[in-house]
Structure formats: structure tokens, C-alpha cells
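Undergrad: Quick one: the structure is below, questions incoming.
Each value in this text was obtained by applying a stated rule to the coordinates, not by laboratory testing. Remember, predicted model here, so these are calculated numbers, not experimental data. With ideal geometry, Cβ positions are generated from the backbone for all residues, glycine too; neighbour counts draw on all protein chains shown.
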Amino acid sequence: MTIPKIVILTGAGISAESGLSTFRAQNGLWEGYNVDDVATYAGYKRDPIAVHQFYNMLRHKLQDPKVCPNAAHYALAELEQKLGSDNVLIVTQNVDNLHEQAGSKNIIHMHGELLKVRNEQNGQITECFSDVDYNQNKLIRPHIVWFGEIPLQMDEIYDALTQTEYFISIGTSGNVYPAAGFVQVANQSGAKTVELNLEPSLGENLFQTKIYGPASKIVPKFVQTLI
């Protein structure tokens, strides 16, 4: 039997059951902060200390022992283990490390990673598990793709979408581009497109198969149909 190529897009909905709040909160707020202040480069240049304090807080939350992968994360890790890393690619909009904790290996973090920082001068990326003090190193910024910045590894993502046999979107709202347009690329390439979500996304009409419910329930069940 030929092993299918699978591209999986994950959004905040897959991590919500793990105790992490979704990024796109109502009224332009994220964790009670104005998105323009903490998730744009202009906001960072305006008050870098406040922005670092915000991401220091998020880093602490992510490393809370109560935050851990849920059944959906583990199901995707099992899928990769059974079909092979060459055949299963996770493209995540999330900046957490829950896919890695669950055991997935082939992951693209298109919006960056909370547990990494980047040197603005030379682009060097390093792991970071503790607080960042801007006054001690003014060249270090969070390794996060802010609004108005280009997501990471887009060429690799589009290349994978043109070759995939399945495109599965999990826990995404469908209103953040370019990720919201991935289903159209996959459809044009002849892939089977699947939406697994708590509720219909803005682009739900573009998917051939749609299953709604908590990620920890519907993702493991659907994964079993693939293995």
C-alpha cells in the first residue's frame, strides 16, 4: 500500500484544551494586552521592555507543569510515527512546543517559537527558557512572527501543499492569512481537504470533509482512519 503524503495545519484550537489561551482574542486583546502593543514590530520598538515582559509571562505559562500535550497532539505524533516523517508534515501557527512534547518531529513553526529568541543583528536563533532582560541585550527579540511580518519557511510550506494527498486543518479560525489560503492551494493540487475544528471556520465551504467537536476527541478518531 502506498503511504500518502499528509500536510496538517494546526492553530490555537488544538492547544486550547492543554490550558493555553487562543491568540486571536476578542476586541484586539491577547491575554488582556492590546495586540498592537505586543504583537507588532512597531509596538516592540515603542516599548521593548514591556514587550519582553509580556513574552516572559507567556514563557512562564507555557512551562507550567499543568500545560501539557492533549490527545490531539499525541494522535498526530502517532500518525507521523506510523507513516514516517517524510510523509507527515505539521505546519503550526502556534508558538508553543506541545507538538514536540508529544513526539512529533517534522514541524514548521510558521509564526515562530516562544521558547526561542533571535538576534536582530545576525539572525542567530537560540533556545530561551528563562526571562529576557532587554537592558542586558538590546539585540535580542522574541522569535515570534508579529503582525505585518512574513511567516517563516513559506516556500517549503507551499512546496509541500502542491505535493500532498491530504490537507488537514485543525483548530484554526480561517481568518489569518496566508494560512487561511492553504486549503485553496491544496484543492488546486488535487488533495483531499479536511477541516477538524470546534466549529466551522470562515473557510469551511472550501473543505471536502468537515468534522466538528473538541480536538482531543475528533482528531484521534480521524487519525485512526489514516493508519
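Undergrad: Dividing the alpha-carbon radius of gyration of the chain by 2.2 N^0.38 Å (N being the number of residues), what value is obtained?
TA: Relative to the rule-of-thumb radius for its length, the chain sits at 1.01.
Undergrad: So how far, in whole Å, is the C-alpha centre of the stretch 58-110 from the one of the stretch 112-191?
TA: Using only Cα atoms to place each centre, the spacing works out to 14 Å.
Undergrad: How tilted is helix 71-83 with respect to the longest principal axis of the chain? Cα atoms for both, answer in degrees (0 to 90, nearest 10).
TA: Tilt of helix 71-83: around 60 degrees.
Undergrad: Could you list Cys68, Cys128 so that the one with the fewest beta carbons within 10 Å of its beta carbon is first and the one with the most is last?
TA: Ascending Cβ contact count within 10 Å gives the list Cys68, Cys128.
Undergrad: Helix 215-224 versus the longest principal axis of the chain: what angle, 0 to 90°, nearest 10, using Cα atoms?
TA: Value to nearest ten degrees: 40.
Undergrad: Okay, moving on. How far is helix 154-163 tilted off the main Cα axis of the chain, in degrees rounded to 10, range 0 to 90?
TA: Long axis of 154-163 versus the principal axis of the chain: about 0 degrees.
Undergrad: Taking the Cα atoms of the stretch 96-227 alone, what are Rg (to one decimal) and Dmax (as a whole number) in Å?
TA: Cα-based Rg and Dmax for the stretch 96-227 come out at 17.3, 52 Å.
Undergrad: Taking other Cβ within 10 Å of each residue's Cβ, how do Ile6, Ile150, Ile157 sort, fewest first?
TA: Ile150, Ile157, Ile6
Undergrad: Taking neighbour counts of Cβ atoms within 10 Å as a proxy for exposure, in what order, fewest first, do Val145, Val7 appear?
TA: With the fewest neighbours first, Val145, Val7 line up as Val145, Val7.
Undergrad: Within 10 Å of each candidate Cβ there may be at most 14 other Cβ atoms; applying that plus a DSSP loop requirement, which GluC sites (Glu not before Pro) in the stretch 114-151 survive?
TA: Listed in order of number, the matching sites are Glu120, Glu149.
Undergrad: Peptides 73-80, 193-200: what's the order by average Cβ count within 10 Å, highest mean first?
TA: Answer by packing, highest mean first, reads 73-80, 193-200.
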